[in-house]
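Q: Structure below; questions to follow.
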Amino acid sequence: MQSKIENIKNKIKDFKAESIKDIEDLRILLLGKKGEITRLFSEFRDVPNDQKKELGQHINNLKNAALERIQQLKDSLEGSKIEKSDIDVTLPPFPLNFGSRHPISLVLEELYNIFGSLGFKIVEGPEIEDDWHVFSSLNFPKDHPARDMQDTFFIESNPDIVLRTHTSSVQVRTMEQQKPPIRVICPGRVFRNEAISARAHCIFHQIEGLYIDKNVSFADLKQTLLYFARELFGSDVKIRLRPSFFPFTEPSAEMDISCNLCGGKGCGVCKHTGWLEILGCGMVDPNVLDFNNIDSKIYTGFAFGMGIERIAMLKYQVKDLRLYFENDTRFLNQFKSVL
Ligand code: DAH
């Protein structure tokens, strides 16, 4: 019996397989109903008791070796099949899932083009700011209730440091670094301590515009905003300016556009007014110019600021602000066709 075991062992070692059928033949030869190893198990019954323990172990080991070898042969056959074929297994799977631009990026890109064609340059500033750049230099007096217009995130250990609540702070940083004429747009993230809902979020994006030169007038502001609205929402769009208040502009206004859904007739989106509010604007308050060492007797300027999420909501009819931040591909995929 011992020599039979040795024999089969060698057979297993030397066996070569060209196909799955060869491997299956080997399996039947060794482990099939009448297979050589199966037969050893039946002969085992007649082995004298004192040899049973040792021989039993040998036969079991043999069976395991056979099973292992069969698996080994199968694996190497599979491997060589792939190697021989033209498939490159390192390539990513098909269909390829391409990403798309985020709607906020799409709107920003459009705004860069529109204002870029009017000569506005893009500048950026820090998101973590000090009180001076966010409030004081923009004519918000200390303890003035106007500071409550925006729910500010303060740093507990140092109330002078805040997360900027608007991109108007970048106006100030620009005035510190450049002399007029200044013509810039300032995009970026802003932060407000608001409960998150379909209409409000604690993080959103704004873009600020600033133009300072000699003889800049309110008519220039109106013309610039009309051009912007027509480029973004189509040539039929109308604008209207309503008097408003911002500490850093005087006079101040809020701009509405005629509702792009109902064309101004009145619908659910414009709450049946025919108008949609989209931005704040005004003539730069002379105090703000003087705070920043620009002589308000020589120079005048206009400024405007708007929320990008709001523009994107109107443009793409998105009803819930939270969708912009959730990275849900079912939402993002819908912008694939927009260039
Ligand atoms: N900073 C204002 C806000 O966050 C928006 C704004 C209004 C910006 C009027 C301006 C402006 O530059 O002139 O609500």
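Rule-based calculations on the coordinates, nothing more; no lab input. It should be emphasised that the depicted structure is a prediction, and the values quoted were computed from it without experimental measurement. Note that each Cβ is placed from the backbone with ideal geometry, even for glycine, and that neighbours are counted across all protein chains shown.
Q: Direction-averaged shadow area of the convex hull around the Cα atoms of segment 2-85, nm²?
A: 5.5
Q: What distance in nm separates the two pseudo spin-label positions at C202 and R101, each 7 Å out from Cα along the beta-carbon direction?
A: Using points 7 Å along Cα→Cβ, the separation is 3.1 nm.
Q: At 222 nm, what helix-only mean residue ellipticity would the chain give, in deg cm²/dmol to the nearest 500, using -39500 (n - 2.57) for each DSSP H run of four or more?
A: It comes out at -12000 deg cm²/dmol, rounded to the nearest 500.
Q: Grab the beta carbon distance between Q317 and S157, set R0 = 56 Å, and tell me the FRET efficiency rounded to 0.05.
A: For Q317 and S157, the calculated efficiency is 0.80.
Q: Let me ask another. Can you tell me the 0 to 90 degree angle between the C-alpha axis of helix 20-31 and the longest principal axis of the chain, rounded to 10?
A: Tilt of helix 20-31: around 50 degrees.
Q: Angle between the Cα long axis of helix 218-233 and the longest principal axis of the chain, 0 to 90 degrees, nearest 10?
A: Once rounded, one gets 30 degrees.
Q: Can you give me the distance in nm between label points at I28 and N287, each placed 7 Å from the Cα along the Cα-to-Cβ direction?
A: Result: 9.9 nm between the two label points.
Q: Here's a follow-up. Roughly what percent of Cα-Cα pairs across segment 114-210 reach past 20 Å?
A: 40
Q: Let me check I've understood the local charge: for N287, count other residues with C-beta under 15 angstrom from its C-beta, Lys and Arg +1, Asp and Glu -1. What total comes out?
A: Neighbourhood net charge equals -2.
Q: Collect residues whose amide H, placed 1.01 Å from N in the peptide plane, falls under 5 Å from the amide H of T165; neighbours closer than 5 in sequence don't count.
A: Correct list: F191.
Q: Continuing with the same structure: Mind listing the Cα extents of the chain along all three principal axes, in Å, largest one first?
A: Dimensions of the chain along the principal axes of its Cα atoms: 117, 50, 38 Å.
Q: Could you work out how far helix 49-84 tilts from the main Cα principal axis of the chain, as a 0 to 90 degree angle to the nearest 10?
A: The two axes meet at around 50 degrees.
Q: Another question, then. Calculate the radius of gyration of the Cα atoms of segment 156-282 to one decimal place, then report Dmax, the largest Cα-Cα distance, as a whole number, both in Å.
A: My reading of the Cα-based Rg and Dmax gives 16.8, 52 Å.
Q: Moving on to the next point. Using only the alpha-carbon atoms of segment 221-339, report the extent along each of the three principal axes, biggest first, to the nearest angstrom.
A: 53, 34, 24
Q: Moving on. If R₀ is 41 angstrom, what is the calculated FRET efficiency for the pair K52 and K74, using the beta carbon separation as r and rounding to 0.05?
A: About 0.80, to the nearest 0.05.
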